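Below: the structure, in structure tokens.
The values are calculated or read from the model by the stated rules, or taken from the named source; none is laboratory data. A quick note: this is a predicted structure, and the numbers were derived from the prediction, not measured. In this analysis, Cβ positions are derived from the backbone assuming ideal geometry, glycine residues included, and neighbour counts consider all displayed protein chains.
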Amino acid sequence: MLTTIDDRALAFVNLHGVLGALGELCARVPEARALVERDDRPTSIGFAVRGGPRAALRFADGGVTVDPATGRGTITLPFAGPRAFNKVIAGTATPIPVTGLHRIAFLTGVFAPLAELLTRYLRPSADDLADEGFRDTSTVLTLVVALGAVAELATHDRSGRASASLMPDGDLSVRIGDAVSYTLRVADHRLTFVAAESPSPRAILAFADMEVARGILAGDLSALACVCDGRLAMSGYVPMVDNVSRILDRAGQYLS
């Protein structure tokens, strides 16, 4: 089994999988939305990683969207390489903007606390998990990050590419009960995460409820055991689910 972590692949996971979840955070957590609304000027943060990913986070109307077409923004943060960017995401280094110095207050007053809030939901304390609403939101955001990571690793990780090469075109619907439905869209062996329900999935992976989803994502429940007793259901073109599950296991190594 491949267990090494590729810095470049990790940078894609961090930018598109982890920071990409800020939009869903704002959609589900009023505190996050309020942080973005604190500054009513449309603002973007561009991330330009030499030899790695480029994208801009755009903040407006209480939400966050990802623009993968550019690494420039109102504030532009350049990085010498994937490892330098990953250190910033890990909290062991501080980025230095090359544009938007007049908007430093946005980095410290909006983006930084927003990132801290996302971290709290992804790495909750025992007290946080005692609240059912927080626990459910934490589960959904963890799933969003995991699926975003799967989409990136299917292109940028050697093991992920091998699994993606076996997948036909079509949508895989990932559901939690009747409350949540997301999509992994496959086209020409490349995966895209879509934060919406698929109109015509080719395969479905369904968690019975939030507690089952949380247990499996946290590694506290056996996915195989849950399949056997029906708490985790697969339908449609099952080999598609099987290959996504392999990349999901790989994503766990990157996100750990």
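Data overview
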| read-out | value |
| --- | --- |
| Of residues in the range 118-138 being within 20 Å of residue 63 (Cα to Cα) and among the polar types (S, T, N, Q), the one surrounded by the most Cβ atoms within 10 Å (Cβ to Cβ) | 138 |
| Filter result for residue 239 (over 23 Å from residue 254 (Cβ atoms) and touching a residue at least 60 places away in the same chain (Cβ under 8 Å)) | yes |
| Residue in the range 33-47 that is nearest to residue 82 (Cα to Cα), counting only those that are in a helix (DSSP H, G or I) and free of Cβ contacts under 8 Å to residues at least 40 places away in the same chain | 33 |
| Filter result (within 24 Å of residue 42 (Cα to Cα) and either part of a loop (DSSP other than H, G, I, E, B) or touching a residue at least 60 places away in the same chain (Cβ under 8 Å) (or both)) within the range 80-104 | 89, 94, 95, 96, 97, 98, 100, 103 |
| Of all residues in the range 70-98 being hydrophobic (A, V, I, L, M, F, W, C), loosely packed, with under 15 Cβ neighbours inside 10 Å and in contact with a strand residue (DSSP E or B) (Cβ under 8 Å, 6 or more places away or on another chain), the one that is modelled with the lowest pLDDT | 96 |
| Tally of residues being among the β-branched types (Val, Ile, Thr), within 21 Å of the chain's Cα centre (by Cα) and within 23 Å of residue 160 (Cα to Cα) across the range 201-256 | 5 |
| Set 115, 164, 146: member being surrounded by 14 or more Cβ atoms within 10 Å (Cβ to Cβ), closer than 26 Å to residue 37 by Cα, touching a residue at least 12 places away in the same chain (Cβ under 8 Å) and of a type in the set (Gly, Ala, Ser) | 115 |
| Filtered residue count, the range 231-256, keeping only those that are at pLDDT below 95 and assigned to a loop (DSSP other than H, G, I, E, B) | 1 |
| Residue 40, sole failed condition from (1) surrounded by 20 or more Cβ atoms within 10 Å (Cβ to Cβ); (2) among the charged types (D, E, K, R); (3) within 22 Å of residue 104 (Cβ to Cβ) | (1) |
| Scope the range 48-62; condition in contact with a Lys or Arg (Cβ under 8 Å, 6 or more places away or on another chain) and either buried (at least 18 other Cβ atoms within 10 Å of the Cβ) or touching a residue at least 40 places away in the same chain (Cβ under 8 Å) (or both); matching residues | 48, 51, 52, 56 |
